Amino acid sequence: MRRRGARDTVPAVVILMGMMGATIFVLPVVALLERGLGGSVWATFTTPLVRDALWLSLVCSLSATVCSVVFGLPLAWLQARVEFPGRALLRGVTMMPIVLPPVVGGVALLFAFGRNGLVGHWLDRALGIRLPFTTAGAVLAETFVAMPFFVLTVEGALRAMDRRLEEAARTLGAGRWTVLRRVTLPTIRSSVQAGAVLCWARALGEFGATITFAGNFPGRTQTIPLAVYLALEADPQAGIALSMVLLGLSLAVLVGLRHRWLAVT
């Protein structure tokens, strides 16, 4: 029996290669922090460019998160609990934005919701709704790339849940909605919260689909990643300041949710 507290002996070459691998991630972070901790960078947070990009990113990412929760929770339920033809295909399509190049996703959104798109032409002519190059379009693009993270997290929780809890509630006379509200959702609450945070972080950092489908208009569709892209040429200090914001938020989310995928001891 292995003695409690004993540690595995790791070969020196494994340690060396591991440190070299970690360097690939650590060095860029350190370089950005070294460049961004100067006083001139912090002063750029008061500029209209940075302030508008921060506010718009907050509005769009939170709106995309709400949309992902509202529509993603039923979708995760269908994929986890309901047997129907084509379920595997639906799951693949749902997860596709995770691996699909974001620019390609933006092009697909244009063909679907553009003025001459599959659905967009009907929205334009019948309801006067135009999504491309609007704030609503930026929210849609962020929802498209971020919702899969929420669905994947919640679907996994639903599959891993002990369904005997729900069956016990039904035998005691609880109805379908009562079981959902009093048993299922409280049981997977932590996964729903973690999925929502991951979804928000992904929406906040979205670039490719947003710039392709919604454009890059200050105050309307120019979120933080898009502002960084332009600012690095015209105003590098503003670009660094915004990069620091994304870096800090990303680290906070990943460290805060590490227990979702790691067994922390």
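All of the numbers you see were taken from the coordinates with simple rules; none came from a lab. Computed from a prediction, not measured in an experiment: that's the story for all the values here. All Cβ positions, glycine included, derive from the backbone under ideal geometry; neighbour counts span all protein chains shown.
Summary of values
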| read-out | value |
| --- | --- |
| Size of charge dipole - segment 60-223 - debye, nearest 20, with Cβ of Lys, Arg +1 and Asp, Glu -1, no other charges | 340 debye |
| Translational diffusion coefficient (Stokes-Einstein; Kirkwood radius from C-alpha pairs) of segment 117-265 at 20 °C, 1.002 mPa s, in µm²/s | 117 µm²/s |
| DSSP H segments from the chain that extend 18 Å or more along their own axis, Cα-based, with Kyte-Doolittle mean of 0.0 or above | 12-36, 48-81, 87-99, 135-160, 189-204, 236-256 |
| Signed unit charges on C-beta, dipole axis of the chain, positive-most listed residue 122, 234, 132 | 122 |
| Percentage relative contact order, segment 148-265, counting C-alpha pairs under 8 Å, at least six apart | 22 percent |
| Alpha-carbon centroids, segment 81-100 and segment 142-205: separation in whole Å | 17 Å |
| Relative contact order of the chain, pairs being alpha-carbon contacts under 8 Å that are 6 or more residues apart, as % | 28 percent |
